[in-house]
Amino acid sequence: QVQLVETGGGLVQAGGSLRLSCAASGRTVSSNAIGWFRQAPGKEREFVAAISGTGGTTYYTDSVKGRFTISRDNARYTVSLQMNSLKSEDTAVYYCAARRSPIARMTTHEYDYWGQGTQVTVSS
């Protein structure tokens, strides 16, 4: 079992930055690929970024490439999502999720454990 807790959400003006963190516990974190997803009101949950268990492979959805960076610190059992140049369309609840596998994937159904989410609001 893996427990995930997201922190770092908040209200920021367009063009600003936020750093989300996902703290993992319950098993060897390097065994798990971690993904970030988001869900805006009235929309389906969508993929944002993912990182493999070793951190050697990362994926991003096109809309955040060049603005968001996912990274992990396995010694501290954390995965971070640095979000720069935020836009109003980035407003959503952001979730981190873990796979039982160290291979990163980009679809919700391939993730086994989910955090409770953290709200990110970008004002224009």
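The values are calculated or read from the model by the stated rules, or taken from the named source; none is laboratory data. If you're wondering where the values come from, they're calculated on a predicted model, not measured in any experiment. Here the Cβ positions follow ideal geometry from the backbone for every residue, glycine too, while neighbour counts run over all protein chains shown. With ligands, DNA and RNA removed, areas are computed over all heavy atoms of the protein, side chains included. Shrake-Rupley method; radii C 1.70, N 1.55, O 1.52, S 1.80 Å.
So, with a 1.4 angstrom probe, what is the percent of accessible area on segment 30-124 that is carbon and sulfur? Result for segment 30-124: 45 percent of the exposed heavy-atom area is carbon or sulfur. Residues in the chain average 50 Å² of solvent-accessible surface per residue, probe 1.4 Å, ligands and nucleic acids excluded.
Note that segment 8-13 has calculated 3J(HN,Hα) couplings of x, x, x, 9, 9, 7 Hz, one per residue in order, obtained from phi through the Karplus relation 6.51 cos²θ - 1.76 cosθ + 1.60 (θ = phi - 60°); glycine and proline are x.
What does the highest-first list of 88-100, 51-63 look like by mean Cβ count within 10 Å? Can you show the working numbers first?
On the way: 88-100: 20.3, 51-63: 15.5.
Descending mean neighbour count gives 88-100, 51-63.
Here the Karplus curve 6.51 cos²θ - 1.76 cosθ + 1.60, taken at θ = phi - 60°, turns the phi angles of segment 85-93 into couplings of 6, 5, 10, 4, 6, 7, 4, 4, 8 Hz, with x standing for Gly and Pro. About its Cα centre, the chain has a charge dipole of approximately 200 debye under the convention of +1 per Lys or Arg Cβ and -1 per Asp or Glu Cβ, with nothing else charged.
For the chain, DSSP calls about 90 percent of its internal beta bridges antiparallel.
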